[in-house]
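Have a look at the structure below, then the notes.
The values are calculated or read from the model by the stated rules, or taken from the named source; none is laboratory data. Remember, predicted model here, so these are calculated numbers, not experimental data. Here Cβ is always computed from backbone atoms with ideal geometry, including for glycine, and neighbour counts include all displayed protein chains.
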Amino acid sequence: MIKSAVGHEQAHHWETSVAPMLVVAGVLFLVVFGFIGWFSYHSALMAIVSAGIGVPLLLAGIAKWTGEGLTHKPLVEGLSPMALSIFIVSEIFIFLSLFAAYWTMRLSAGADWPPVGTPKEFNLVLPLIMTVILVTSSLTYHVAEVKLEQNNLSGFRGWVFISILLGLLFLGCTVYEYQHLMHQKFTPSTNAYSTAFYSITGFHASHVLIGLGVFLAVLLAAMRGLTNKYLAFCAGLYWHFVDIVWFFVATQIYYW
Amino acid sequence: MSTASSGFKLSEWLFTTDHKRIGVLYLIGSVAAFAVAGIMALLIRLEQMSPGPTIVSDAYVGGDQYNVWLYFHGAAMILGFLIPGLTGFAANYLLPLMIGAKDVAFPRINALSVWLFWAGIVVALLTFVVPDKPDVMWTGYPPYSIKTGGNLALYVFTVHLIGFSSILASVNFLVTITYMRAPGIGWFQLNMFTWSCFTAFIIQLVFVPVLAAAVTLLLLDRYLGTHFYDPANGGDVLLYQNLFWFYSHPAVYVIFLPAMGIFYEIYATMAKNPIFNYKAAVYGMCGIVLISGEVWVHHLYYSGMPDWLRIGQMVTTLLISVPVGLMTISLFGTLYRGAITFNTPMYYGTAALYLLIIGGLTGIPLAITVLSVHLGETSFTHAHFHFIMGIFATFSVFAAVDFWFPKIAGRMLNEKQARLGFWFNFIGVNVTFWPLFIIGVQGMPRRYWDYSQFPPHFADYHKVATIGAFIVAIGMVLTISNWIISAIKGQRATDNPWGSRSLEWTHTATPPGPGNFPKDVVVEAGWTPYDYK
């Protein structure tokens, strides 16, 4: 009869973590119940209560997860960059689907583009500025990674902080642009172009937000003196991916 | 036999990051979804017993009630049972053991996957609580899904949660299989089940995001007033069908591949034979991955498309039978001159071969455009995909639980009850679906609850089918109750009751404890999991 795992590191206990369940509960309340409360049942109360339960659960889950991830030793080290690259394949396909929807509408419209309701003077300088901001943030994060390689933790924190500021500036530009366009009665339901415009830029902006969340997690951990080159690398890899997607968003949505 | 942990601790199960316990959590969730979706199937069958309203309240709200059953049956069976039962339960429990790893590459992400799946089940079950029940089939086609009063958000979030769970599991297992094989295990020494999951996870990784995008756009159209699927404002209603089937046809292979993988393991072990044409079967699986992305348009044969595209899609769809044929021959060949032990897993295995052949052959007329135009929207299609996808894959989950039960529970299953359950299941599905094949050819449309405008003799066939469904229900109760009772009271199992050569039997305790293996697994040169000669 084979005896179980004697003399192993994990020998006498089952590994557990509260973090994954906290994250799922947070997402369930914040995203699912929040959305359903607001949009399906038009109940601000249900939406606010759900978000009120969801946000702390989600944040607690992420904090617990980052802490564990930076202190526990994995079975095999250094697999996360490969895993994130595989995940990015998935992300590419989700963006491709959105672009496919946009191209379908765009190409079937023929000469009637942009459709009625689109403002005559679309601001084409702002996306250029946003491109510069995002590319700069990719560069500043690269500097942060170099600092980390030199074991300069305070330099790392500083450059991550600058990257976060640039990311926030980018989102600020998006908010400004949306407000401006909404004011001109260009809303998601105006026409086919507004449909694609808000969906694709909005979806990209949500990725910027997630990237910023990851940066924040990296920064907060680094403030406690915890860091890990794989985590730092993955955060950067995701950010560069979001950056590259922006080139496609900008060229397809604004300049075509 | 001695597992390190003493006794049952709820927190150790709820917060577990161990792949084996996560696998069991997947099994519990998917069997729960299966049970509720099965009850929906019985309701659907009862309603179809007679042409007009049978069990629905009256002719006015009958369609709405029936649509909810149809929605939950489809969505829960595919998203809540088949996919999580195979790539959730079976892959989680077995893959790390089969490749000699202590766990998956990212145990916490694995726990995240299982709880996302459970959250998806919870959202799906809300169907029975909310006043505006979703009634959009599992396909959610616009414009109906956007115009209906049913709660579309529940459908979309079910897909999102379970879809995200699948994507994370794919990433996790692709990395695990690639980087965490025990020293000495090469790519062509992997178990067939490992290969089948590896290919299924590639399909999931690439195609699930497209489904996620499709339903997200549905959500935006419904709640934010965008126009993706609204032809009046420059959108395209067929765009949804394209995006949806771009994932949902390959989803059939996400289910089919691990199901085949399970039967390979059972065949090899029970016949004490190596896999016949191992490499050809592996190339077959890879071929399915390659072709799976080029066949989705055959779901749009009747939605309107140019003729040249119909022909092209017919060719690619028929082409799928080449890799499937390679895999089937290899499955069949594994029995050649074997000393076959006929126990319940092997009963299911044999039944699977029959289901595979009948389901596969009835797929050919559906792939051929001229025949498909007549048969596509009839109960012939309904019976076809229940044979090949529904029953074949369900039997694979049952066979998997029965086969690995001694390892998972540490106890033997009650073989008599398992066998009785098998016969009820097997006879029941034949009684249910053969009549549907026949009236399908005669023109019985699929999905209808009220078929009073069709020939009256259809009702007789429907009655037989309904009796069949209840026979299946008895079989399911026998099978699932057997798992529960035997897990508590069964006879203690030895480490390797079937005499398998695979790592999960030869190198682990029963049931395996934390860390899986007593000592690090290293296999000698030339080792294979099918070393029977």
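For the stretch B:491-512, which residues satisfy the criterion of being basic (Lys, Arg) and within 11 Å of chain A (Cβ to nearest Cβ)?
Here is the first cut: in the stretch B:491-512, the residues basic (Lys, Arg) are B:492, B:501.
Residue satisfying the conditions is B:Arg492 alone.
Within the stretch A:215-236, which residues are among the hydrophobic types (A, V, I, L, M, F, W, C) and surrounded by 18 or more Cβ atoms within 10 Å (Cβ to Cβ)? First the steps, then the outcome.
So in the stretch A:215-236, the residues among the hydrophobic types (A, V, I, L, M, F, W, C) come out as A:215-223, A:226, A:231-235.
A:Phe215, A:Ala217, A:Val218, A:Leu219, A:Ala221, A:Ala222, A:Leu231, A:Ala232, A:Cys234, A:Ala235 - these are the residues of the stretch A:215-236 that are among the hydrophobic types (A, V, I, L, M, F, W, C) and surrounded by 18 or more Cβ atoms within 10 Å (Cβ to Cβ).
Of B:Leu335, B:Leu361, which residue is assigned to a helix (DSSP H, G or I) and of a type in the set (A, V, I, L, M)? Explain how you work it out, then say what you get.
Numbers: B:Leu335 fails: assigned to a helix (DSSP H, G or I).
Testing whether each residue is assigned to a helix (DSSP H, G or I) and of a type in the set (A, V, I, L, M) leaves just B:Leu361.
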Seminar exercise, completed: If we ask which residues in the stretch A:97-131 are within 27 Å of A:Ser163 (Cβ to Cβ), at the interface with chain B (Cβ under 8 Å from one of its Cβ atoms) and free of Cβ contacts under 8 Å to residues at least 24 places away in the same chain, their number turns out to be 0
Exercise. What is the one condition in (1) free of Cβ contacts under 8 Å to residues at least 60 places away in the same chain; (2) in contact with a Phe, Trp or Tyr (Cβ under 7 Å, 6 or more places away or on another chain); (3) under 25 Å from B:Met314 (Cα atoms) that B:Ile474 does not satisfy?
Worked result: (3)
For this session: Could you tell me which numbered condition B:Ile488 fails, if it satisfies all but one of (1) in a loop (DSSP other than H, G, I, E, B); (2) out of contact with any helix residue (DSSP H, G or I) (no Cβ under 8 Å at 6 or more places or on another chain)?
Result: (1)
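Taking the stretch B:133-149 as the region of interest, how many residues are within 11 Å of chain A (Cβ to nearest Cβ) and surrounded by fewer than 23 Cβ atoms within 10 Å (Cβ to Cβ)?
Filtering the stretch B:133-149 for residues within 11 Å of chain A (Cβ to nearest Cβ) gives B:134, B:149.
Now drop any that are not surrounded by fewer than 23 Cβ atoms within 10 Å (Cβ to Cβ), which leaves B:149.
The number of residues fulfilling the criteria is 1.
Suppose we filter A:Val146, A:Val135, A:Val218, A:Val160 for residues that are in the same structural domain as A:Glu91 (by TED's automatic domain parsing), assigned to a helix (DSSP H, G or I) and closer than 30 Å to A:Trp103 by Cβ; which single one remains? Explain how you work it out, then say what you get.
Working: A:Val146 fails: closer than 30 Å to A:Trp103 by Cβ; A:Val218 fails: closer than 30 Å to A:Trp103 by Cβ; A:Val160 fails: closer than 30 Å to A:Trp103 by Cβ.
Going through A:Val146, A:Val135, A:Val218, A:Val160 in turn, just one is in the same structural domain as A:Glu91 (by TED's automatic domain parsing), assigned to a helix (DSSP H, G or I) and closer than 30 Å to A:Trp103 by Cβ: A:Val135.
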Seminar exercise, completed: Here the residues within the stretch A:73-87 that are more than 7 Å from chain B (Cβ to nearest Cβ) and surrounded by 16 or more Cβ atoms within 10 Å (Cβ to Cβ) are A:Ser80, A:Leu84
Exercise. Do you know which residues across the stretch B:223-243 are buried (at least 23 other Cβ atoms within 10 Å of the Cβ) and in contact (Cβ under 8 Å) with a residue 24 or more places away in the chain?
Worked result: B:Tyr229, B:Tyr240, B:Leu243
Problem set entry | Residue among B:Ile275, B:Ile288 that is among the hydrophobic types (A, V, I, L, M, F, W, C), away from chain A (no Cβ under 14 Å) and assigned to a helix (DSSP H, G or I) | B:Ile288
Problem set entry | Those residues of the stretch B:491-521 which are outside any loop (DSSP other than H, G, I, E, B) and either among the aromatic types (Phe, Trp, Tyr) or touching a Ser or Thr at 6+ places or on another chain (Cβ under 9 Å) (or both), in sequence order | B:Arg492, B:Trp505, B:Thr506
For this session: Say whether the condition of being at pLDDT below 95, under 22 Å from the mean Cα position of the chain (by Cα) and among the polar types (S, T, N, Q) is met by at least one residue in the stretch B:91-99.
Result: no
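Is it true that B:Met327 is surrounded by 20 or more Cβ atoms within 10 Å (Cβ to Cβ) and within 20 Å of the chain's Cα centre (by Cα)? Even if it seems obvious, please write down each step before you answer.
Values: surrounded by 20 or more Cβ atoms within 10 Å (Cβ to Cβ): yes; within 20 Å of the chain's Cα centre (by Cα): yes.
In short, yes.
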For this session: Evaluate the stretch B:15-32: report whether one residue or more is part of a helix (DSSP H, G or I), free of Cβ contacts under 8 Å to residues at least 24 places away in the same chain and not aliphatic (A, V, I, L, M).
Result: yes
For this session: Quickly run through the stretch B:475-490 and pick out the residues that are crowded, with 20+ Cβ neighbours inside 10 Å and either within 12 Å of chain A (Cβ to nearest Cβ) or in contact with a strand residue (DSSP E or B) (Cβ under 7 Å, 6 or more places away or on another chain) (or both).
Result: B:Ser486
Seminar exercise, completed: Counted residues in the stretch B:176-195 being part of a helix (DSSP H, G or I), surrounded by fewer than 22 Cβ atoms within 10 Å (Cβ to Cβ) and within 12 Å of chain A (Cβ to nearest Cβ) come to 2
Problem set entry | Sole residue being surrounded by fewer than 23 Cβ atoms within 10 Å (Cβ to Cβ) and not aliphatic (A, V, I, L, M), chosen from B:Asn414, B:Asn425 | B:Asn414
Problem set entry | Failed item, numbered, when B:Ser11 is tested on (1) assigned to a loop (DSSP other than H, G, I, E, B); (2) within 14 Å of chain A (Cβ to nearest Cβ) | (1)
Seminar exercise, completed: Counting only residues that are free of Cβ contacts under 8 Å to residues at least 40 places away in the same chain, more than 9 Å from chain A (Cβ to nearest Cβ) and under 11 Å from B:Gly80 (Cβ atoms), the stretch B:111-132 contains a total of 0
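Would it be correct to say that B:Val472 is buried (at least 17 other Cβ atoms within 10 Å of the Cβ), more than 20 Å from B:Trp404 (Cα to Cα) and more than 24 Å from the chain's Cα centre (by Cα)? Walk me through it before giving the result.
Working: buried (at least 17 other Cβ atoms within 10 Å of the Cβ): yes; more than 20 Å from B:Trp404 (Cα to Cα): yes; more than 24 Å from the chain's Cα centre (by Cα): no.
Against the criterion (buried (at least 17 other Cβ atoms within 10 Å of the Cβ), more than 20 Å from B:Trp404 (Cα to Cα) and more than 24 Å from the chain's Cα centre (by Cα)), B:Val472 does not qualify.
Count, please, the residues in the stretch A:163-214 that happen to be part of a helix (DSSP H, G or I), small (Gly, Ala, Ser) and within 14 Å of another protein chain (Cβ to nearest Cβ).
The first filter runs over the stretch A:163-214 and keeps only residues part of a helix (DSSP H, G or I), leaving A:163-183, A:192-214.
Still in the running and small (Gly, Ala, Ser): A:163, A:167, A:172, A:192, A:194, A:196, A:199, A:202, A:205-206, A:211, A:213.
Checking the rest, the ones that are also within 14 Å of another protein chain (Cβ to nearest Cβ) come to A:192, A:194, A:196, A:199, A:202, A:206.
Within the stretch A:163-214, residues that are part of a helix (DSSP H, G or I), small (Gly, Ala, Ser) and within 14 Å of another protein chain (Cβ to nearest Cβ) number 6.
Where in the stretch B:77-148 are there helices (runs of 4 or more DSSP H), lying fully within it, with 3 or more residues that are in contact with a Ser or Thr (Cβ under 8 Å, 6 or more places away or on another chain)? Steps first, answer last, please.
Details: elements: B:91-98, B:107-125, B:144-147.
Qualifying helices (runs of 4 or more DSSP H): B:91-98, B:107-125.
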